[in-house]
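For reference, the structure discussed in these notes is given below.
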Amino acid sequence: MKKVIEVEHLRKAYGSLVAVNDVSFSVAEGEIFGILGPNGAGKTTTVECVQGLRPFDSGLIHVLGLDPKSDGIALRQLIGSQLQESALPDRIKVWEALDLFSSFLPHSLNWCELMNQWGLAEKRNASFSSLSGGQRQRLLVALALVNNPKIVFLDEMTAGLDPAARHVAWDLIRAIRERGTTVVLVTHFMDEAEHLCDRLAIVDQGKLVALDTPQGLITTYANQSKVVFTAEHTDLPWLKQIPHVRSVTRHGPRVEVEGTGPVLALVAASLVDHGIVPSDLRTEQPTLEDVFLNITGHGAHN
Amino acid sequence: MRTLLKLTWVELKLFVREPITMVFTFALPLIFLFVMGGVFKNNPDPDVYRGVGAIDYYTPAYIALVIGSIAVVGLPVHFTAYRERGVLRRFRASPIPLWTIFGSQVLVSLVIAAVGGVLVTVAAKLAFNIGMPESPGLVIGAFIAGVLSFVAFGILLGSLLPTTRAAQGLGLILIIIMLILGGAGPPREVMTSVMRGVGDATPLRYVIVLIQDPWLGFGWNWAFFLIVMGIMVVASLLSRRLFRWE
Ligand SMILES: Nc1ncnc2c1ncn2[C@@H]1O[C@H](COP(=O)(O)OP(=O)(O)O)[C@@H](O)[C@H]1O
Ligand SMILES: [Mg+2]
């Protein structure tokens with residue numbers, strides 16, 4: 001796979017605060033690459049350095065063969081940006097903004113289509129200041145796409161969107177990737193990262209702490225699954241003897257069995273053998289949330 | 001070029017949708033015109049107003065005042081508000097060169113100033129029957145030079161001032177000083193020497209006289225033209241260096 005972004009040993013400090021500390025990663029053409037971490041982790045700083053919007057202290061960045069430090073304007077013709085903190089003039093209308101931003105480059109998309117896709121058609125003549133948070137956000141994402149970029153950077157794209165709009169946005173992002181656009185997605189939402197990204201960099205306090213596919217991260221860092229059921233029997237000592245079982249805990253009638261690999265099938269078979277057939281037997285698969293906790297020792301919403 | 005024209009057109013529409021700015025820009029010179037005209041009438045007096053009628057003298061000054069209020073109040077507030085709200089950040093992230101953003105402000109200011117200038121001229125003609133420019137071509141040239149120079153000055157203020165509030169406050173103080181002492185207020189002949197000194201230090205004075213001279217038949221004022229162009233060059237160079245996107 002061709003690499004479209006290469007970052008090596010990126011470092012950026014604001015005064016004495018080191019916001020990005022020796023971060024290296026690369027992004028392949030056509031993938032959805034996620035950068036996940038809690039607020040203040042340095043995600044925005046990283047992607048804005050990559051886009052040539054912030055100066056950085058040391059390290060090397062190449063985007064589509066260009067150096068964002070010296071080729072900023074050339075680079076911005078090839079990429080699209082939805083910035084975390086940005087706005088449009090209060091009184092500009094939705095269609096005017098799309099029309100204006102599509103005029104910046106000759107190979108722009110048809111903005112009417114984008115406006116419909118992102119659910120802005122009925123707000124066509126509304127001014128930016130009259131839009132809701134979610135509508136503004138969708139307009140800013142549409143503007144990032146209007147130049148038909150090779151890479152699009154989305155920084156907290158779904159902030160302010162309601163759950164239904166988030167799922168629509170996810171589908172649209174997948175559709176963008178199908179067309180061959182590389183997507184760099186910055187988020188602090190675990191579920192978004194897990195569902196959408198092909199590969200994921202986890203950052204915490206300026207450092208890149210893990211990088212893999214979501215499933216790879218879960219396998220490596222949160223390999224435990226949990227089997228849960230209710231049973232009236234008070235004494236189930238044999239549960240601990242089942243291969244792959246690590247621990248058994250009871251909360252009243254609720255039993256939680258933690259283990260690895262094929263633990264569900266083994267526990268289920270063993271329960272049947274002992275004449276216990278709970279109707280609510282299920283597993284709780286580990287999620288990125290567990291990965292995050294295991295790596296950093298704290299949650300993503302601290 | 002397409003981007004420049006499109007941005008200019010959008011910015012013009014935004015200006016028209018901002019009633020307070022528009023009223024301030026167009027009404028301020030008209031209020032002065034009617035107050036001063038009501039007090040002084042337009043009869044020539046050899047001792048003041050360079051020997052012409054008061055409104056013959058003031059009309060070019062009020063045209064310059066339109067330019068002044070666009071550049072010293074309007075533009076800095078526009079740029080600081082764009083910076084504060086993150087609009088400049090959004091522009092910067094798109095492939096739009098800085099000169100296009102500056103250029104659109106030049107064109108927008110030219111159009112607004114032209115509308116304001118015509119408004120002042122027509123009102124002065126209808127209400128006080130002023131004399132039309134002796135050298136219309138030179139008046140237009142002086143007007144354009146004044147706009148270019150003041151837009152550069154306004155962008156410089158917008159680059160320097162940290163907040164919208166600072167831009168509003170300082171802009172109003174500057175425009176009032178320029179208005180009163182720069183040549184749109186009491187005639188120079190009755191000012192104290194200190195007042196004249198301050199007046200000489202305000203850029204607006206040179207634009208006023210540059211427009212006034214060919215209007216009243218005193219010809220092209222080369223010295224003042226060079227000063228006006230000098231302000232433009234210095235302000236442009238400083239703006240390029242000091243401009244901040246965020
Ligand atoms: N312009 C700035 N000046 C000073 N500190 C900043 C600036 N931008 C970000 N920071 C600080 O750098 C750290 C990383 O911020 P940021 O990159 O925005 O993180 P994230 O996007 O992951 O929330 C935070 O502690 C933040 O307060
Ligand atoms: Mg951020």
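The values are calculated or read from the model by the stated rules, or taken from the named source; none is laboratory data. The shown structure was predicted, so the numbers you read here are calculated from the model rather than taken from an experiment. Don't worry about glycine lacking a Cβ; one is built from the backbone with ideal geometry, like all the others, and counts go over all protein chains shown.
Summary of computed values
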| quantity | calculated |
| --- | --- |
| Meets criteria (in a strand (DSSP E or B) and either within 16 Å of ligand 2 (Cβ to nearest atom) or within 14 Å of chain B (Cβ to nearest Cβ) (or both)) for A:Val7 | no |
| Restricting the stretch A:144-168 to residues that are over 21 Å from A:Leu36 (Cβ atoms) and surrounded by 19 or more Cβ atoms within 10 Å (Cβ to Cβ), the residue that is modelled with the lowest pLDDT | A:Asn147 |
| Residue match in the stretch A:152-160 (condition: touching a Gly at 6+ places or on another chain (Cβ under 6 Å), within 16 Å of ligand 2 (Cβ to nearest atom) and either assigned by TED's automatic domain parsing to the domain that holds A:Gln82 or part of a strand (DSSP E or B) (or both)) | yes |
| Within the stretch B:182-207, tally of residues that are touching a Leu at 6+ places or on another chain (Cβ under 8 Å) and of a type in the set (A, V, I, L, M, F, W, C) | 5 |
| Subset of the stretch A:26-57 (residues that are near ligand 1 (Cβ under 10 Å from one of its atoms), assigned to a loop (DSSP other than H, G, I, E, B) and within 13 Å of chain B (Cβ to nearest Cβ)) | A:Arg54 |
| Check on A:Asp99, at the interface with another protein chain (Cβ under 10 Å from one of its Cβ atoms), touching a residue at least 12 places away in the same chain (Cβ under 8 Å) and surrounded by fewer than 17 Cβ atoms within 10 Å (Cβ to Cβ) | no |
| Residue check, A:Ala74 surrounded by fewer than 19 Cβ atoms within 10 Å (Cβ to Cβ), over 28 Å from A:Gln135 (Cβ atoms) and either within 13 Å of chain B (Cβ to nearest Cβ) or within 16 Å of ligand 2 (Cβ to nearest atom) (or both) | yes |
| Residue within the stretch A:85-93 that is hydrophobic (A, V, I, L, M, F, W, C), within 11 Å of another protein chain (Cβ to nearest Cβ), without any contact (Cβ under 8 Å) to a residue 40 or more places away in the chain and away from ligand 1 (no atom under 16 Å from the Cβ) present | yes |
| Considering residues of the stretch A:142-190 that are aromatic (Phe, Trp, Tyr) and either more than 15 Å from ligand 1 (Cβ to nearest atom) or within 14 Å of chain B (Cβ to nearest Cβ) (or both) only, the residue nearest to A:Ile5 (Cα to Cα) | A:Phe153 |
